[in-house]
Amino acid sequence: MSEVDVTTHDLGPLVSPADTWVHLATLPRREVPFEWLVAAGDYLISGTRLPGGRRTPPLATPRQLLRSVTRHGHGRGARPLDRALPLLRSPVDSPKETLLRLGLVDAGLPEPAVQPPIGTAAGTRHPDLGYLRQRVLLEYLGDVHRTDRRRWLEDLTRVQLFEDAGYRVVLVGADDLIPAGMAALAGRVRRALAASFLTDNARMSRFARPGET
């Protein structure tokens, strides 16, 4: 591997998070698939969400990742790194959010916004992904959402708050992220976006003057 940034810790010298991410790209694709390389990059630049909505400082910045990729040059893994850099987004709270976003784009859908702020009756909430103009939101529900009763009840309230605020919520599970499931999910999202477009047109027609529609 090319020259790397090394910091000193009580346990000894440590390679920087940005250079560690670059190293992931040099591993065989079967060990680190491309979409997981992007998910790791999202994690590094996002920090961790804290109670109250604050976040910890990110482990790396986009500029630091770019510097590490540039220093790596044309070595092994350079091509996936060049592809991954412009796909990184923040803030992202789980790798499944990244996989969902990439899967929707690969299926031909527009890229959704990540963690957009939504005003609700209980304050601002952040869905996993959203198409704000069409008022369509996506929420990934992992297994913990099923096994943890408190989390399950919070999810119910969260979805109701979004719907009360005028948004349609598409719920996503683990099976939706496999190829066959993603194809079906993309169809559901397309229909939700189309329904929003038709609803907007109907609303505009209702208030239009005669001869304007």
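The values are calculated or read from the model by the stated rules, or taken from the named source; none is laboratory data. None of these values were measured; they are calculated from a predicted model. Positions of Cβ are backbone-derived with ideal geometry, glycine not excepted, and every protein chain shown enters the neighbour counts. These area figures cover heavy atoms from the full protein model, side chains too; ligands, DNA and RNA do not enter into them. Shrake-Rupley method; radii C 1.70, N 1.55, O 1.52, S 1.80 Å.
Quick notes on this one:
- Residue in the stretch 105-115 that is under 21 Å from residue 53 (Cβ atoms) and in a strand (DSSP E or B) present: yes
- Flag for residue 21 being at pLDDT 95 or above and open to solvent by 50 Å² or more (accessible area, probe 1.4 Å): no
- Failed item in (1) in contact (Cβ under 8 Å) with a residue 24 or more places away in the chain; (2) open to solvent by 40 Å² or more (accessible area, probe 1.4 Å); (3) small (Gly, Ala, Ser), with residue 60 passing the rest: (2)
- Taking the numbered list (1) surrounded by fewer than 15 Cβ atoms within 10 Å (Cβ to Cβ); (2) assigned to a helix (DSSP H, G or I) in turn, residue 81 passes all entries but (1).
- Boolean, residue 104 is surrounded by 17 or more Cβ atoms within 10 Å (Cβ to Cβ), out of contact with any Asp or Glu (no Cβ under 7 Å at 6 or more places or on another chain) and farther than 21 Å from residue 57 by Cα: yes
- Matching option when the condition is open to solvent by 40 Å² or more (accessible area, probe 1.4 Å), in contact with a strand residue (DSSP E or B) (Cβ under 7 Å, 6 or more places away or on another chain) and free of Cβ contacts under 8 Å to residues at least 12 places away in the same chain, among 163, 111, 154: 163
- Taking the stretch 116-128 as the range and being out of contact with any Gly (no Cβ under 7 Å at 6 or more places or on another chain) and not in a strand (DSSP E or B) as the test, the residues that pass are 117, 121, 122, 126, 127, 128.
- Some residue of the stretch 92-104 being modelled with pLDDT under 95 and more than 30 Å from residue 22 (Cα to Cα): no
- All positions within the stretch 114-147 that are open to solvent by less than 10 Å² (accessible area, probe 1.4 Å) and of a type in the set (A, V, I, L, M, F, W, C): 118, 129, 136, 137, 138
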